[in-house]
1. Please verify whether the stretch 109-121 includes one or more residues that are more than 22 Å from T74 (Cβ to Cβ), touching a helix residue (DSSP H, G or I) at 6+ places or on another chain (Cβ under 8 Å) and not polar (S, T, N, Q).
2. Considering only the stretch 219-240, state which residues are open to solvent by 100 Å² or more (accessible area, probe 1.4 Å) and modelled with pLDDT under 95.
3. Residues T156, T216: which one is of a type in the set (S, T, Y) and open to solvent by less than 40 Å² (accessible area, probe 1.4 Å)?
4. When residues of the stretch 13-25 are filtered for being open to solvent by 20 Å² or more (accessible area, probe 1.4 Å) and either touching a Leu at 6+ places or on another chain (Cβ under 6 Å) or not β-branched (V, I, T) (or both), how many remain?
5. Can you pull out the residues in the stretch 76-103 that are open to solvent by less than 40 Å² (accessible area, probe 1.4 Å) and within 21 Å of H128 (Cα to Cα)?
6. If we keep just the residues of the stretch 186-204 that are hydrophobic (A, V, I, L, M, F, W, C) and more than 21 Å from P220 (Cβ to Cβ), which is surrounded by the fewest Cβ atoms within 10 Å (Cβ to Cβ)?
7. Report, by residue number, each residue of the stretch 130-143 that is in a loop (DSSP other than H, G, I, E, B), surrounded by fewer than 18 Cβ atoms within 10 Å (Cβ to Cβ) and in contact (Cβ under 8 Å) with a residue 12 or more places away in the chain.
Amino acid sequence: MLNDPELRLLDAALETVSRLPADGTYLNTVASAVMDVHGDIYTGANVFHYTGGPCAELVALGVAAGAGAGPIATIVAVGDENRGVLPPCGRCRQVLLDQQPDCFVVVPDGGDSITVRATDLLPYSYQHPDADPPRLLRFSPVHWGAVTDGVKTATTRFDDPTEPGPVTLLFEFDDRYRALPGVVESVEQVRFADITDAQAALEDCTADELRTGLRTHYYPGIVADDVVDFVRFRVAEAER
C-alpha cells in the first residue's frame, strides 16, 4: 500500500501520461515521476527511437537534476492506454542502483502497487566502481523532534543496509517529506537476540523493549538469529 506522498507521486505520473499525444506514432508512451527528499516532484516521458531513446524514468531523473533536486526518494513509471504502473527495465534498474540506490520504486503487485528499494530490484548486481551515490536513512516522522534536538542518535535496522559516511536523514511526513543532512558514524552488526541493554539505552529503552518494538512496529517476521544493524548517526553539525 502506498503512503500519501507516494500516491501524490503516482497521480503526477498519471496526469503526465494523460497529456501524451495519442497520435499513433508511439514516440511517447510512458511517463515517470520522481520525488526528492524535500517532497518536490519532477516528471518526464520516454522518447522512443530505434537507436535507443531514453526511458521515462531516465528523463524524469534528468529533469530533477536540471532543477537542482535533492536525492531521489521515490520514483514511479506509468504506461499510456491505462496500462497503469510499470516496473523499470533492466537498464533503468542499473542506473538507479548506481545513482539512487536507496530510492523507493513503485512497482505493480497483483492488482495493487507497492514500493521496493532500488537495490532489491537487481540482486547479485554489478555496481560501477566509481559510483558515489547519495545515501538515505529513512525515519518515521515521530522521530523528527528527537533527531533535530540531538536526543536520538541511534537506530536499529533489519534488511535495510547502510554504511558509514554522509547521509540524508529522510522523514516521511504525510504532507511533505522533510530532510536533514547527516552522518552515519558507525554500523555494528548484531544478532537480534543479542541486542544489549547498553545498545538499547541509546534508543531510550531496554533490550527486551527494543526487540518488542521492532517486532511490533517494523519487522514482524524477524527471528532471534537474524542479524540487525545498530546504526549510530548524527545531524551534520555545519547544517544544524
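1. Within the stretch 109-121, the first condition is being more than 22 Å from T74 (Cβ to Cβ), and the residues that meet it are none.
The answer is no, given that none of the residues of the stretch 109-121 is more than 22 Å from T74 (Cβ to Cβ), touching a helix residue (DSSP H, G or I) at 6+ places or on another chain (Cβ under 8 Å) and not polar (S, T, N, Q).
2. Within the stretch 219-240, the first condition is being open to solvent by 100 Å² or more (accessible area, probe 1.4 Å), and the residues that meet it are 220, 225, 237, 239-240.
If the condition is that a residue be open to solvent by 100 Å² or more (accessible area, probe 1.4 Å) and modelled with pLDDT under 95, then E237, E239, R240 are the ones that fit.
3. On the way: T216 fails: open to solvent by less than 40 Å² (accessible area, probe 1.4 Å).
Just one listed residue meets the conditions, T156.
4. So the count comes out to 9.
5. Listed by number, the residues that qualify are P88, C92, V95, L96, L97, D98, Q100, P101, D102, C103.
6. Kept after step one, since they are hydrophobic (A, V, I, L, M, F, W, C), are these residues of the stretch 186-204: 187, 190, 192-193, 195, 198, 200-202.
Going one step further and asking which of them are more than 21 Å from P220 (Cβ to Cβ), we end up with 187, 198, 201-202.
Numbers: V187: 15, A198: 8, A201: 13, L202: 15.
Among them, the one singled out is A198.
7. Keep residues of the stretch 130-143 that are in a loop (DSSP other than H, G, I, E, B), which gives 130-135, 140.
Next, from what is left, pick out any that are surrounded by fewer than 18 Cβ atoms within 10 Å (Cβ to Cβ): 130-132, 134, 140.
Matches in the stretch 130-143: A131, P134, S140.
Residues checked against (1) modelled with pLDDT of 95 or more; (2) of a type outside the set (A, V, I, L, M):
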| residue | (1), (2) |
| --- | --- |
| Y124 | no, yes |
| A154 | yes, no |
| V167 | yes, no |
| E185 | yes, yes |
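The values are calculated or read from the model by the stated rules, or taken from the named source; none is laboratory data. Just so we're clear, the structure is a prediction, and the values are computed from it rather than from any experiment. A quick note on method: Cβ atoms are made from the backbone with ideal geometry, for glycine too, and the neighbour counts reach across all protein chains shown. Remember, those area values only see protein heavy atoms, side chains included, never the ligands or the DNA or RNA. Shrake-Rupley method; radii C 1.70, N 1.55, O 1.52, S 1.80 Å.
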